[in-house]
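Below: one structure, written as structure tokens.
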Amino acid sequence: MIRTEIVKLLVRPRTWITVLLLCLLPFVVAIFLATTNLAPPPGEGPAFLSAVLRDGTLYPAAALAMVVPVFLPVSVAVLAGDSVAGEATGGTLRYLLVRPVGRTRLLVAKLVSVLVFVLLAIAAVIVTSYLTGRALLGGGQPAAVALPGGTTSLSGTPLTPTDLFLRTLASIGYATVCMLAVAAIALFLSTLTDSALGAALGALAVLVASELLATLDAASSVQPYLPTRYWLAWIDFFRQPIFWRDIDRGLAVSGVYIGLLLLASWANFMTRDITA
Amino acid sequence: MIETQALTKRFGRVTAVNGVDLEVRPGDRYGLLGPNGSGKTTVLRMLLGLVYATSGTIEVLGQPIPRRAARVLPQIGALVEGPAGYPHLPGRTNLRLIDAAGPSGPWRDGGPGRDFAFWRRGSRRDRRHRVEQALERVGLAGIDSRPLKAYSLGMRQRLGLAAALLRAPRLLVLDEPTNGLDPRGIREIRDLLAELNAAGTTVLLSSHLLGEVDALCTRVGVMDRGRLVVQDELDALRAPTGRVLVVSPDAGRAAALLDGRVEQRDGDRLTVVHPDPAQLNAMLTAEGLRVAELAPQRRSLEEVVLEATSASADRMDLPVAEQPFAGPAATDPAPTDQAGDRA
């Protein structure tokens with residue numbers, strides 16, 4: 001079942017169009033940066049962008065910072081919202097269940113396919129932005145050559161290529177966990193309704209509300225528990241030394257959301273009448 | 001094969017299925033009839049573990065449902081409320097996906113716990129073979145790579161049947177199996193079901209088409225407003241009525257001869273109350289009367305069903321008190337009015 005879910009994900013044109021669009025955004029930004037040479041001043045605009053003009057090898061991290069706040073969660077919410085509700089609307093849910101595919105297995109397979117999508121999308125963004133970064137911005141900057149191993153961390157100290165690679169991997173892992181929290185919200189709503197659109201929009205509504213509260217001083221009491229609060233904490237992997245506090249909290253908050261919502265989805269799906 | 005006891009399902013305040021004792025025996029071709037909205041589909045969904053009963057028990061292939069659904073379902077082929085698939089994929093790919101999604105082939109004894117049959121999918125060649133065989137059975141062996149969304153309703157219906165036949169099921173549960181097929185297609189599917197039944201497959205189908213059930217089924221259940229109001233052998237339901245239909249050019253003289261026994265005369269046609277058609281025939285011919293047709297009258301399935309059911313559930317009449325022109329005619333919804341789509 002898990003394998004067929006992944007096959008279904010991969011043969012679906014929508015998957016590849018989404019991945020392509022996710023990759024296109026950093027590419028367009030890179031073209032603008034390379035042609036104008038106008039980076040946002042440090043501390044403003046998306047993270048890392050001020051640094052990438054000097055050093056293109058940081059561009060994958062900058063690209064991640066571009067897609068993680070909005071585009072990636074939107075695509076994850078659409079995919080996970082569609083996962084059960086879409087099958088229900090299409091009528092295939094009943095045929096899968098009488099095949100039979102156990103309801104728990106179906107949920108797990110859906111979750112795994114969302115996970116595969118997130119990893120696929122992030123990997124595609126990292127690879128394409130690394131290539132564009134090297135080609136348009138960075139490759140062989142004198143500044144990079146001056147320091148052996150080249151790249152500087154956000155704190156100004158140099159990072160070796162191995163270090164950079166490991167830190168990038170760690171940020172991918174962290175971003176994936178955050179996206180799984182989005183997926184868990186959408187999957188839960190997807191087991192509640194037969195409307196894929198409703199589930200996706202519901203999940204997005206939760207994220208937008210969370211983002212809004214995160215900027216509101218009056219809501220500071222709930223801010224540590226908002227699902228989006230620590231989304232960009234993976235940037236701390238690029239500090240020297242790594243600033244663990246927000247990363248740890250982010251993992252804990254996401255973990256709680258994932259655990260509770262998956263449990264709720266499971267309980268709801270197991271006891272639900274499939275009338276679609 | 002299937003046995004339910006006092007099966008009841010409520011959706012909120014609506015009782016969709018009410019105290020149904022369904023009994024399908026091995027080898028039956030069981031036709032579940034009833035007006036739209038009478039609860040047929042909900043019963044089938046409960047048998048398949050898709051919808052959970054509010055109360056009552058279900059046993060399919062001797063196992064309780066939904067508790068043992070994982071063990072029972074692999075032996076069942078099902079078509080529930082129309083075929084479905086992934087519209088952007090070709091029919092063959094759709095079948096392969098649905099085939100690969102679940103456990104393969106008929107279950108060996110013992111089920112999943114015993115020998116990890118759960119994880120045995122069968123080889124790729126087995127699966128391909130199974131899909132081709134199912135396609136051939138329903139007359140789709142030659143389908144090309146057009147996506148499902150380009151299929152006609154009849155082709156989708158055949159594909160749905162192919163999906164139901166994938167695992168050489170012991171029991172077929174089919175909801176409106178000939179929906180969307182043309183007369184030739186209906187005939188083909190009927191022959192296919194009869195053939196499978198002869199080979200030992202029990203068939204339970206629901207339909208609101210009386211002709212279909214009449215032509216195929218050996219046993220009939222009729223549902224009305226959530227209740228199973230009739231359940232019997234088709235032959236028993238269509239028992240002779242004790243009347244004989246006679247067509248004779250000498251109908252006038254025959255009527256005179258049979259005075260008192262003729263219930264109705266319509267030109268050449270007589271309806272005669274007589275227990276023995278052969279004796280009646282001998283009597284008429286002995287008098288030198290010419291007989292063009294003579295046959296015992298049987299209750300038609302339509303009469304049985306109309307007698308047992310009330311107005312269509314998709315008909316929404318106002319309660320009597322609220323009807324603007326409440327006359328005596330309106331208070332009594334004529335049972336013969338089967339027009340389905342008035343609301």
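For this structure, a couple of remarks:
- Top-ranked residue in the stretch B:131-172 [being over 17 Å from residue A:95 (Cα atoms) and among the charged types (D, E, K, R); ranked as surrounded by the fewest Cβ atoms within 10 Å (Cβ to Cβ)]: B:144
- Residue within the stretch A:17-29 that is in a helix (DSSP H, G or I) and within 14 Å of another protein chain (Cβ to nearest Cβ) present: yes
- The helices (runs of 4 or more DSSP H) located wholly in the stretch A:160-276 that include 1 or more residues which are farther than 19 Å from residue A:73 by Cβ and touching a Lys or Arg at 6+ places or on another chain (Cβ under 9 Å) occupy A:161-192, A:244-270.
- Helices (runs of 4 or more DSSP H) enclosed by the stretch B:225-343 - at least 1 residues per element that are touching a Gly at 6+ places or on another chain (Cβ under 9 Å), at pLDDT below 85 and under 28 Å from residue B:29 (Cβ atoms): B:301-308
Results for (1) in contact with a helix residue (DSSP H, G or I) (Cβ under 6 Å, 6 or more places away or on another chain); (2) within 13 Å of chain B (Cβ to nearest Cβ); (3) surrounded by fewer than 24 Cβ atoms within 10 Å (Cβ to Cβ), shown as yes or no for each residue.
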position	(1), (2), (3)
A:70	no, no, yes
A:76	yes, no, no
A:84	yes, no, no
A:92	no, yes, yes
A:100	yes, yes, yes
A:103	yes, yes, yes
A:121	yes, no, no
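- Residue match in the stretch B:229-241 (condition: touching a helix residue (DSSP H, G or I) at 6+ places or on another chain (Cβ under 9 Å), within 30 Å of residue B:282 (Cα to Cα) and open to solvent by 60 Å² or more (accessible area, probe 1.4 Å)): yes
- Residues in the stretch B:84-98 that are closer than 14 Å to residue A:99 by Cα and within 8 Å of chain A (Cβ to nearest Cβ): 4 in all.
- Long-range neighbours under 7 Å by Cβ, at least six apart or interchain, first residue of a type in the set (Phe, Trp, Tyr) within the stretch B:140-152, second at pLDDT 90 or above and assigned to a loop (DSSP other than H, G, I, E, B): none
- For the stretch B:178-209, filtering for residues that are among the aliphatic types (A, V, I, L, M) and touching a strand residue (DSSP E or B) at 6+ places or on another chain (Cβ under 6 Å) leaves 4.
- Screening the stretch B:1-11 for residues that are more than 19 Å from residue B:72 (Cα to Cα) and open to solvent by 70 Å² or more (accessible area, probe 1.4 Å) and picking the one that is farthest from the other protein chains (Cβ to nearest Cβ) gives B:10.
- Residue check, residue A:38 surrounded by 13 or more Cβ atoms within 10 Å (Cβ to Cβ) and of a type in the set (A, V, I, L, M, F, W, C): no
- Neighbours by Cβ (under 8 Å, 6+ apart or cross-chain): first from the stretch A:1-28, over 30 Å from residue A:137 (Cα atoms) and free of Cβ contacts under 8 Å to residues at least 24 places away in the same chain; second of a type outside the set (S, T, N, Q) and not in a helix (DSSP H, G or I): A:11/B:89; A:12/B:88; A:13/B:88
- Condition met for residue A:193 (modelled with pLDDT under 90 and surrounded by fewer than 19 Cβ atoms within 10 Å (Cβ to Cβ)): no
The values are calculated or read from the model by the stated rules, or taken from the named source; none is laboratory data. Not measured: the values here are computed from a predicted model. Because the Cβ atoms are built from the backbone with ideal geometry, glycine has one as well, and the counts that use them run over all protein chains shown. These area figures cover heavy atoms from the full protein model, side chains too; ligands, DNA and RNA do not enter into them. Shrake-Rupley method; radii C 1.70, N 1.55, O 1.52, S 1.80 Å.
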